[in-house]
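Comments concern the structure below.
The values are calculated or read from the model by the stated rules, or taken from the named source; none is laboratory data. Given the structure is predicted, the values throughout are model-derived calculations rather than measurements. Please note: Cβ atoms are built from the backbone with ideal geometry, for glycine as well, and neighbour counts cover all protein chains shown. We work out accessible area using only protein heavy atoms, side chains counted, and drop any ligands, DNA or RNA first. Shrake-Rupley method; radii C 1.70, N 1.55, O 1.52, S 1.80 Å.
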Amino acid sequence: MDIQHLEVFLTAAEQLHFGRASQLCHMSPSALTRTIQRLEEQVGKPLFIRDNRHVMLSEAGELFRSYARESIQQWRSFKQELRDDNYLSGNLSIYASITAVYSILPGVLERYRQRYPDVQIHLHSGAAEQALDQVNSGEIDIAVAALPAGKRSQMEFLPLTTTPLVFIAPANVDPLEDPRCNGLLDLSRVNLVVPQYGLSRDRLNQWLKTERVAANIRSEVSGNEALIALVRIGGGIGIVPKLVLQRSPFSSEVRIIEKAPQLDPYEVGLCCNRSALQLPSVRAFWKMAVEQATGKLAE
């Protein structure tokens, strides 16, 4: 199958809108439709389910998406092998939270761009809790994430820093003033703002279970930055990685509650599928990140 046709399919599968996909592929909607139809003829089954209002992948389309990604990766790797070892081109997709973009990625990204200017870097930002899913699905090459306690067989992890989890309150609120707290934050007596899912939530749930505390969870939020903003306006007591708080524009408008339950800190680092590491552009970034993490990066 034509690699360009596979790239068109992947764009359509990501956008689930043929009009937007055709613009991104710099082709007319009718040309994109013909390309998809030719692929469907070769596969022998519809790849998309379409009506006047919606576009979605069919069951065959979901399987074909995995095939297309692997084929394009192998093709790019093959082309790179034929080139000069000191030259890199192609694409590199990275997923990171806003905090990671500010605090973890700048150094290695700048050096990578200087050394390999012909690699197109696609930087996607979103909630840190979604990072591993983005890598797992193959949509992203490398993500900055809180590293899980248990290793995943198909993934590589590179620890970069460790951050504690802290409880925060609005700057003008001291929950320890409640005499029932006895000088220590009582999670059964305050309204909590917590992440919907992710490692912070897992750490909190484990502590609550171990201590047999019934917490009053007032709000569940997607993303640490949004959680800090909600705490700031009085939404409750929150829990966030200290690294995120230090970079937040609201850091001066909330306070860390020092006398609070101590939760295990976690490591933040890079994660990548082993299959993606076969791509020269991904492998070069990973190598550079390892060198920076170990202090061996040549200036």
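Quick notes on this structure:
- Helix-only mean residue ellipticity at 222 nm for the chain, each DSSP H run of n ≥ 4 adding -39500 (n - 2.57), per residue, nearest 500: -12500 deg cm²/dmol
- Both radii come from the Cα set of the stretch 3-82: Rg as radius of gyration, Rh as Kirkwood radius; their ratio Rg/Rh reads 0.99.
- Amide H contacts under 5 Å for Leu192: Asn216, Ile217, Arg218, Ser219, Ile237, restricted to partners 5 or more places along the chain or on a different chain, H placed in the peptide plane at 1.01 Å from N.
- Mean separation of Cα contacts under 8 Å (6+ apart) over length of the chain, as relative contact order %: 21 percent
- With only the Cα atoms considered, the stretch 162-265 has a convex hull volume of 89 Å³ per residue.
- Vicinal HN-Hα couplings computed from phi for the stretch 259-266 (Karplus, 6.51 cos²θ - 1.76 cosθ + 1.60; Hz; Gly/Pro x): 8, 9, x, 8, 9, 4, x, 9
- Amide H partners (placed H, <5 Å) of Leu57, local residues excluded: Ile49
- Per residue accessible area of the chain, 1.4 Å probe, in Å²: 54 Å²
- 5 angstrom amide H check on Val166, placed H, neighbours 5+ away: Val240, Lys242
- With Cα atoms, 0 to 90° folded angle of helix 199-211 axis to the chain main axis: 40 degrees
- Sparse-neighbourhood loop sites, trypsin sites (Lys or Arg not before Pro) in the stretch 95-153 - DSSP loop, at most 11 other Cβ within 10 angstrom: Lys151
- The long axis of helix 29-43 is offset from the longest Cα principal axis of the chain by roughly 80 degrees.
- Sorted peptide list for 245-258, 274-287, 205-218, criterion being average Cβ within 10 angstrom, highest first: 274-287, 245-258, 205-218
- Apportionment of accessible area to carbon and sulfur, the chain, percent (1.4 Å): 47 percent
- The modelled label-to-label distance for the pair Val290/Asn136, using points 7 Å beyond Cα in the direction of Cβ, is 2.6 nm.
- Spin-label model distance (nm) - Gln4 vs Asn52, 7 Å beyond Cα toward Cβ: 3.5 nm
- The orientation-averaged projection of the convex hull spanning the C-alpha atoms of the stretch 47-135 amounts to 8.2 square nanometres.
- Crossing angle, helix 280-293 versus the chain [Cα axis fit, 0-90 degrees, rounded to tens]: 30 degrees
- Taken over the chain, the alpha-carbon convex hull comes to 169 cubic angstrom per residue.
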